[in-house]
């Protein structure tokens, strides 16, 4: 029987300092903090989990379809990526099918974090409440030795607490959900699907 395989799908653009921030700081702390909030070890999809020989477009689609919640890291380059936008649009379609993220039920399945800028985001993103992580947007491993890293840990712990609450409210998996795929012209970077 088909069901969810991932609790959280991490949607971000692997460009600029975001990749280092994600791998050096955010992902490890999120796994640690979310594990503290749940009675099981959470499954968090990070796009480096692909096996040799996997077709990455299909692997990303599969992971997104099988994820309960999408946490997206918004930067100006996120909104310049057809792949990131397709992931976001796909999860918004699921929310719509479930009657979520609307006037009657404002909560949804997308958990947006702003890491950079915000002024150049599209109108829909600017009208969506996001969590601001810009004060802790450091990619260097040296960040972990700073006082600000303690604040970062507290912020990620708060995210984990919020995600754990949301995970308990996610509706059952449905086999009819779909994923939007960008146009074929965007399939040109197999090693880094969201560059």
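The values are calculated or read from the model by the stated rules, or taken from the named source; none is laboratory data. Fair warning: this is a prediction, and the values are worked out from it, not measured in the lab. Glycine gets a Cβ as well: all are built from the backbone with ideal geometry, and neighbour counts include every protein chain shown.
Below, the figures for the structure above:
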quantity	calculated
Filtered residue count, segment 54-81, keeping only those that are more than 16 Å from residue 17 (Cβ to Cβ), in contact (Cβ under 8 Å) with a residue 24 or more places away in the chain, part of a helix (DSSP H, G or I) and within 15 Å of the chain's Cα centre (by Cα)	6
Residue within segment 91-105 that is under 15 Å from the mean Cα position of the chain (by Cα), over 25 Å from residue 15 (Cα atoms) and at pLDDT below 90 present	no
Out of 30, 34, 46, sole residue that is under 13 Å from the mean Cα position of the chain (by Cα), in contact (Cβ under 8 Å) with a residue 40 or more places away in the chain and within 19 Å of residue 110 (Cβ to Cβ)	30
Hits in segment 163-194 (condition: in contact with a helix residue (DSSP H, G or I) (Cβ under 9 Å, 6 or more places away or on another chain), assigned to a helix (DSSP H, G or I), surrounded by 12 or more Cβ atoms within 10 Å (Cβ to Cβ) and modelled with pLDDT of 90 or more)	163, 164, 167
The lone exception for residue 134 - which of (1) more than 19 Å from residue 28 (Cβ to Cβ); (2) at pLDDT 90 or above; (3) over 19 Å from the mean Cα position of the chain (by Cα) it fails	(3)
Segment 134-147, residues that are without any contact (Cβ under 8 Å) to a residue 40 or more places away in the chain and part of a loop (DSSP other than H, G, I, E, B)	146, 147
